[in-house]
1. Could you compute the FRET efficiency for I89 and K118, with r as their C-beta to C-beta distance and R0 at 22 Å, rounded to 0.05?
2. For a quick check: with amide H placed at 1.01 Å from N, whose amide H comes under 5 Å from G108's, ignoring anything fewer than 5 positions away on the same chain?
3. Given the protein chains as shown and a 1.4 Å probe, how many square angstrom of T127 are accessible, to the nearest 10?
4. With the cut-off at 21 Å, tell me which of the pairs K118/K148; K99/K146; K99/K154; K98/K137; K81/K140; K99/K132 have Cα atoms farther apart than that.
5. Quote the accessible area belonging to L90 in square angstrom, nearest 10, computed with a 1.4 Å probe and with ligands, DNA and RNA left uncounted.
6. May I ask you to give the solvent-accessible area per residue for the stretch 66-154, in square angstrom, as obtained with a 1.4 angstrom probe?
Amino acid sequence: VKTETSQKDSLNAEKAHDKKVSDIEDSTSKKTTEKDKNNPVANLPIVLIYNFHVTNRCVSCIAIEDATTKTLNTYFSSEIKQGRIKRKILNVDDEANKKISEKYEAFGSGLFVTRVFKGKETTTDFTGDGFKYAKNKQEKFIELLKTKISEYLK
């Protein structure tokens, strides 16, 4: 039986938001060039993974980062090398990360997976699942994250 909080977390995790790529501060918003046209991955979706944290980190937030690293290294190393998956670990307390933290409304620990394709962004908030599973049910968390990343790469 789900509690109101877990239902809300599930709804937030499932809710996807479409935004224009011009809102992205990342290099994925560059215009297509002649070089890109010859690059086989240039016309494929890019997945951005943002791990947000505060300066003083808790055990669960460290577990989320570790499980995310394990997922990427185990299942997506070639996509990372190709540049199809980009990951950033960002301290929300650092002034340099203020704009991106505000964009994702990350004022503490957070994990967001964003698909960028054809001028649109679709984001899934994995923060709730991270806190639920990353520390004590890591394999479940890894499976959920792996499934979403795989879906976003299509």
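The values are calculated or read from the model by the stated rules, or taken from the named source; none is laboratory data. Note that this is a predicted model, so its numbers are computed, not measured. Here Cβ is always computed from backbone atoms with ideal geometry, including for glycine, and neighbour counts include all displayed protein chains. When the accessible area is computed, the model is the full protein with side chains, heavy atoms only, and any ligands, DNA or RNA have been set aside. Shrake-Rupley method; radii C 1.70, N 1.55, O 1.52, S 1.80 Å.
1. On the way: r = 27 Å, r/R0 = 1.24.
Given R0 = 22 Å and the Cβ-Cβ separation, E is 0.20.
2. Hits under the 5 Å cutoff: none.
3. About 20 Å², ignoring ligands and nucleic acids.
4. Result: K99/K146; K99/K154; K98/K137; K81/K140; K99/K132 exceed 21 Å.
5. The value for L90 is about 20 Å².
6. Details: 4750 Å² over 89 residues.
Using a 1.4 Å probe on heavy atoms only, each residue of the stretch 66-154 averages 53 Å².
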